[in-house]
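K.L.:
Pasting a structure here, questions to come.
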Amino acid sequence: MIALGVLLLALAVLVGVVVSLEATESVSIDFLGWNLVTDGVGAFWIGAGSMLVAVVALALIARGTRRGYQVRKENRQLRKEHRRMEKQRAQDVPPAAPAEPPANEDPHRPPPPAGT
């Protein structure tokens, strides 16, 4: 993959150099009511710039989609783990039996306040 990337990058640089040296004719570009007159080199670089913006936009969309998928996957795993833990907790805790006062204390005496 790295070799293919380097090869494509070298090809893009070669095309840029050839176009920059060979394109000398005047080009008129009409865009959204604007009329831009430039040579072939300018038209090439305008196209290259717009392609760069498109590639960056697609990369941002892909990154956001990937991040959203990871968050959904993590949430699914956490919900599954939570359900498993709740089920395990329900099985591990026996039903509460009535508490008997210790043998050395008065059964009519109120319990001590919580936290002491």
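K.L.:
Checking the structure you have, find out if any residue of the stretch 42-51 is surrounded by 10 or more Cβ atoms within 10 Å (Cβ to Cβ) and farther than 28 Å from Leu9 by Cα.
P.N.:
No, the conditions are met nowhere in the stretch 42-51.
Conditions (1) in contact with a Leu (Cβ under 8 Å, 6 or more places away or on another chain); (2) closer than 30 Å to Val27 by Cα; (3) at pLDDT 90 or above, marked per residue:
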site	(1), (2), (3)
Gly47	no, yes, no
Ser50	no, yes, no
Gly64	no, no, no
Gly68	no, no, no
Glu74	no, no, yes
Lys80	no, no, yes
Arg84	no, no, yes
Asp92	no, no, no
Ala97	no, no, no
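K.L.:
Right, Gly33: at pLDDT below 90 and surrounded by 10 or more Cβ atoms within 10 Å (Cβ to Cβ) or not?
P.N.:
No.
K.L.:
Of the residues in the stretch 13-39, how many are within 20 Å of Leu52 (Cβ to Cβ), in a strand (DSSP E or B) and of a type in the set (S, T, N, Q)?
P.N.:
Total meeting the criteria: 1.
K.L.:
Another question about this same structure. Cβ contacts < 6 Å: first residue within 17 Å of Ile46 (Cα to Cα), restricted to the stretch 1-29; second residue among the polar types (S, T, N, Q), any location; separation 6+ or different chain. Result?
P.N.:
Matching pairs, first to second residue: Val27/Thr38.
The values are calculated or read from the model by the stated rules, or taken from the named source; none is laboratory data. For clarity, every value in this text was computed on a predicted model and none was experimentally measured. For neighbour counting, all protein chains shown are included, and Cβ atoms are generated from backbone atoms with ideal geometry for every residue, glycine included.
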